[in-house]
Amino acid sequence: MQNTTQTSYGRTAMMNETRGYVGMTTSPDDSNIPGNSSMGILVIPEPMNTALNVLTVTILFMTMISLGCTMEISKIRTHLLKPKGVVIALLAQFCIMPLTAFTLTKIFQMDSIKAVTVLICGCCPGGSLSNIFSFTVKGDMNLSIVMTTCSSIAALVLMPLLLYIFSKGFTGLRHAVPYAGIITALVFTLVPCAIGICINHYRPNYSSSVTKVGLSILLISTIIISVLSGLAVKDVIWIILMPDILTVAALMPLIGFILGYAVSVICRLSPQCSRTISMETGCQNMQLCTAILKVAFTPQAIGPLFLFPLVYIAFQCAEALILVLCFRCYQTVTAQHAGFSSRGIHIKSDVTAAGVKGEANHL
């Protein structure tokens, strides 16, 4: 009778421990991140996990080379000699986004593994997409490219520092963040970026070709990694589609866009620079974030949350496109209003001239 009771109790405990996490098992020793036992262990076959890691690093490498090929040393020097815009942009990037990430994790009372995922995303530097969106809103492209360069370099120090500071707000999380892996990934991003800058400086004729090849490899790798990731987490993919994850992924870039623009206006930057800093603040380097989450953490520790950057970038692009559309509509309305005003002035001038001419003829 006693054995039966113990067996029944063990089954009940096991059911309570694994309830709701289909395809995942639990083991409190698999990660030193508190709360991860409730998340469970994601079992990915070793060959698939290796392929995902290689493709993730490849995507990051090609992205940074392509980004480097857009940078010109002379333009970087010009903005560094007048650093007001760059300094404000850096403050916006590394103050607004980390604070937003930390605040949202507290508001939604996220567990530690979700919190560290969101914090890493919030502490990442600006991404290459910000350059594209800055162009579409007619921003200062030189500032955008210099800002992306400077934030990538500054992240080498600021990202681990910010993670160390904000992780103190979560029980035991400070010792669970893989700082060595994060710093390694950051250093790794600077090498291909430097290669791209050198290509653009010494062989500018090759920059366009390198960028096109890089984008092709990036597209193919992204498709493959999306398929493999879907197969790897198909049984637990619903975890990254939970309401708190989706809400945070939607709010973070939107808050970054709005506050980045507001800070720029308060600091009396030009509308062109303000739009640029808005895009730079809201757009994070999701390739870097994915690489850190996938490579620096084990599958047992991070689970399917290494796909959080894909959710974030979907909202980031959608919101940026909405802002671009609003800006274009505003431009159209302004241009039409200016055209009507100009036409009215011309008509008034013609009437006045005709009146003067008529009086002259009468005299």
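Quick note: the coordinates plus some simple rules give every number you see, no bench work behind them. Values in this document were obtained by computation on a predicted structure and should not be read as measured data. Methodologically, a virtual Cβ is constructed for each residue, glycine included, from the backbone with ideal geometry; neighbour enumeration extends over all protein chains shown.
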For this session: Run through every distinct alpha carbon pair of segment 105-170 and return the Kirkwood hydrodynamic radius in angstroms, one decimal place.
Result: 13.4 Å
Exercise. Given a Förster distance of 30 angstrom, what is the FRET efficiency for THR103 paired with GLN331, based on the Cβ-Cβ distance and rounded to 0.05?
Worked result: 0.35
Exercise. If segment 108-218 were replaced by its equivalent ellipsoid, with semi-axes equal to the square roots of 5 times the Cα gyration tensor eigenvalues, what would those be, largest first, whole Å?
Worked result: 32, 16, 12
For this session: Give me the number: length gained by fully extending VAL157 to VAL87, i.e. 0.36 nm times residue separation minus the C-alpha to C-alpha distance, one decimal in nm.
Result: 23.6 nm
For this session: Compute from the Cα atoms of segment 48-148 the Rg and the Dmax, the latter being the longest Cα-Cα distance, and quote both in angstrom.
Result: 16.5, 48
Exercise. Could you give the radius of gyration (one decimal) and Dmax (whole number) of the Cα atoms in segment 179-233, in Å?
Worked result: 15.0, 44
For this session: Could you compute the FRET efficiency for ILE223 and THR298, with r as their C-beta to C-beta distance and R0 at 25 Å, rounded to 0.05?
Result: 0.50
Seminar exercise, completed: FRET efficiency for ALA262 and ARG77 from the Cβ-Cβ distance with R0 = 30 Å, rounded to 0.05, comes out at 0.55
Exercise. When the dipole is taken about the Cα centre of segment 65-136, and only Lys, Arg (+1) and Asp, Glu (-1) are charged at their Cβ, what size is it in debye, to the nearest 20?
Worked result: 240 debye
Exercise. Using 0.36 nm per residue, how much length does the chain from THR50 to ALA194 gain when fully extended, once their Cα-Cα distance is taken away?
Worked result: 49.2 nm
For this session: Evaluate the Debye formula for segment 216-302 with equal point scatterers sitting on the alpha carbons, no solvent, and hand back log10 of I(q)/I(0) at q = 0.17 Å⁻¹, in q order, two decimals.
Result: -0.90
Seminar exercise, completed: Relative contact order of segment 136-246 (C-alpha contacts under 8 Å, at least 6 apart) in percent is 17 percent
